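Please treat every number below as a calculation from the coordinates, not as lab data. Just so you know, these numbers come straight off a predicted model, no measurement behind them. Heads up, the Cβs are rebuilt from the backbone with ideal geometry, glycines too, and the neighbour counts pull from every protein chain shown.
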Amino acid sequence: MRSLKEILGINLKYYRNLEGLSQSDYYFKYHLSAKHMANVELGKVNVTLDFVDKVAKKLNISSLELLTYDKEKVVSKKRVDQKVTN
């Protein structure tokens with residue numbers, strides 16, 4: 001079972017990769033700290049529900065969507081410009 005921190009990170013990375021942007025470009029676009037958000041993506045920091053709500057609103061998605069695990073949203077590539085190989 002995955003922790004909420006891991007699920008949040010998985011979903012943030014998924015939505016960032018949908019736009020094809022690096023962490024710094026993606027979070028700059030939404031006026032969020034790239035360094036802090038990188039740590040959130042990695043599940044290294046604890047965040048509040050208020051923080052999750054704030055980020056969800058900026059990304060125009062629901063808080064529930066950020067906190068719900070979906071195996072289809074797991075991104076295996078390390079870099080946004082990396083090609084996925086089977």
* Structure fact -> Karplus ³J(HN,Hα) for segment 70-76 (6.51 cos²θ - 1.76 cosθ + 1.60, θ = phi - 60°; Hz, whole; x = Gly/Pro) runs 9, 4, 6, 9, 6, 9, 8
* For Tyr69, which sequence-distant residues (separation of 5 or more, or a different chain) have an amide H within less than 5 Å of its own amide H, given hydrogens modelled in the peptide plane? -> none
* **Residue-span extension gain [Met1 to Tyr69] - 0.36 nm each, minus C-alpha spacing** => 23.5 nm
* Asked: Which length gain, in nm to one decimal place, applies between Phe51 and Ser24 when the Cα-Cα distance is subtracted from 0.36 nm times their residue separation?
  -> 7.9 nm
* In the set (i) 39, 25, 22; (ii) 38, 32, 22; (iii) 98, 30, 20, which value of Cα extents along the principal axes in Å was calculated from the structure you see? -> (ii)
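Using the Cα centre of the chain as the reference point, and only Cβ charges (+1 on K/R, -1 on D/E), how large is the resulting charge dipole? Debye, rounded to the nearest 20.
For this selection, approximately 260 debye.
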